[in-house]
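The structure under discussion appears below in the form of structure tokens.
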Amino acid sequence: FTTAEDLKSDPYRMVCVHPNEISRIVTLKTSGSTGESKRVFFTEADLELCTDYFRHGMRNLVDETDIVGILFPYRTPASVGDQLIRGLWRLGSETVALFGLSDDEISALITFKKITSLAGTPKQIAGLAEKYPHHSSIKTVLLSADFVSDEVREIIRRAWSAEVFEHYGMTEMGLGCAVSCEFQNGYHVREADLYLEIIDPETGETVPDGTWGEIVFTTLTRTGMPFIRYRTGDISRWKTDPCPCGSKLKLLDYIRDRKIEKGRANSI
């Protein structure tokens with residue numbers, strides 16, 4: 001297995017291209033004041049894979065008629081917000097950058113721009129839904145970057161009658177991994193770029209489909225810093241019934257727990 005310790009102790013051992021080919025380095029602070037940081041390296045081709053994934057993944061909830069409010073940081077090139085905006089541009093959707101604004105400013109822009117979809121963290125969007133339940137223009141919401149509780153889903157649905165979609169991913173995965181569809185039955189995995197396994201976190205053995213365990217992933221198309229059997233610490237399972245949407249992509253259940261604590265808050 002590869003672990004977070006490998007990214008903290010000697011990340012350069014995992015870089016597989018000349019340093020001149022690296023376009024972005026993301027530093028992830030781990031918990032504690034003295035914890036070492038993890039560093040993840042991307043080539044331009046790696047970043048393009050992410051933008052392309054966001055373009056196709058967002059088609060689950062928006063199209064060229066939608067106006068999407070982006071609540072993720074976007075000013076840093078190739079950050080999650082920047083990549084999401086680029087992907088939506090390719091899809092033909094209009095975007096409105098909302099990160100860093102006050103709640104009142106965000107609410108005013110939702111009304112003025114007639115925003116139909118929001119993408120952001122569960123806590124922030126649920127807070128907006130509770131504070132401004134009158135925004136009937138919002139039809140869909142994408143939640144990412146943190147655990148999504150049933151309470152958060154219900155707050156958003158009750159306030160805006162919006163469909164709640166969820167994205168699961170982390171910086172090490174290349175920012176994106178899996179996203180839910182309109183049937184809200186779990187996450188459809190980005191199988192063209194990632195190979196996921198579910199293992200017993202104690203023994204390290206792969207468990208049968210339907211059994212809860214730790215998510216381990218291998219990158220299939222990354223060139224700058226490939227990952228082989230990287231332990232995420234996230235607990236989920238493969239769902240055994242096919243999704244009603246008809247997709248042939250494997251269906252990952254919603255994240256239930258986290259075995260180990262990881263630094264990911266500043267990955268966006």
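Among residues of the stretch 179-212 being open to solvent by less than 20 Å² (accessible area, probe 1.4 Å) and on the phi > 0 side of the Ramachandran plot, the one that is modelled with the lowest pLDDT is Gly186. When Glu105, Glu36, Glu21, Glu94 are screened for being farther than 30 Å from Ser137 by Cα and out of contact with any Gly (no Cβ under 8 Å at 6 or more places or on another chain), only Glu36 passes. Going through the stretch 44-83 one residue at a time, which ones are of a type outside the set (A, V, I, L, M, F, W, C), touching a strand residue (DSSP E or B) at 6+ places or on another chain (Cβ under 7 Å), modelled with pLDDT of 95 or more and part of a loop (DSSP other than H, G, I, E, B)? Correct list: Asp66 only. Could you tell me whether Glu130 is farther than 24 Å from Leu175 by Cβ and either modelled with pLDDT under 95 or among the charged types (D, E, K, R) (or both)? For Glu130, the condition - farther than 24 Å from Leu175 by Cβ and either modelled with pLDDT under 95 or among the charged types (D, E, K, R) (or both) - is met. Residue count for the stretch 81-99 satisfying the condition of being at positive phi and surrounded by 21 or more Cβ atoms within 10 Å (Cβ to Cβ): 0.
Please verify whether Ser102 is farther than 20 Å from Arg190 by Cα, at pLDDT 95 or above and buried (at least 19 other Cβ atoms within 10 Å of the Cβ), treating the condition exactly as stated. Taking the combined requirement at face value, the residue does not satisfy it. Can you confirm whether Thr223 is in contact with a strand residue (DSSP E or B) (Cβ under 8 Å, 6 or more places away or on another chain), part of a strand (DSSP E or B), of a type in the set (Val, Ile, Thr) and open to solvent by 10 Å² or more (accessible area, probe 1.4 Å)? Against the criterion (in contact with a strand residue (DSSP E or B) (Cβ under 8 Å, 6 or more places away or on another chain), part of a strand (DSSP E or B), of a type in the set (Val, Ile, Thr) and open to solvent by 10 Å² or more (accessible area, probe 1.4 Å)), Thr223 does not qualify.
Per-residue answers, yes or no, for (1) free of Cβ contacts under 8 Å to residues at least 40 places away in the same chain; (2) crowded, with 22+ Cβ neighbours inside 10 Å; (3) closer than 30 Å to Glu44 by Cα:
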site: Thr111; (1), (2), (3): yes, no, no
site: Lys114; (1), (2), (3): no, no, no
site: Ala119; (1), (2), (3): no, yes, yes
site: Ser137; (1), (2), (3): yes, no, no
site: Asp150; (1), (2), (3): yes, no, no
site: Arg158; (1), (2), (3): yes, no, no
site: Gly169; (1), (2), (3): yes, yes, yes
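The values are calculated or read from the model by the stated rules, or taken from the named source; none is laboratory data. This structure is a prediction, so every number in the text was calculated from the model and none was measured. Cβ sites come from the backbone with ideal geometry, for glycine too, and all protein chains shown count toward neighbours. For the accessible areas, the whole protein counts, side chains as well, though only heavy atoms, and no ligand, DNA or RNA atoms are used. Shrake-Rupley method; radii C 1.70, N 1.55, O 1.52, S 1.80 Å.
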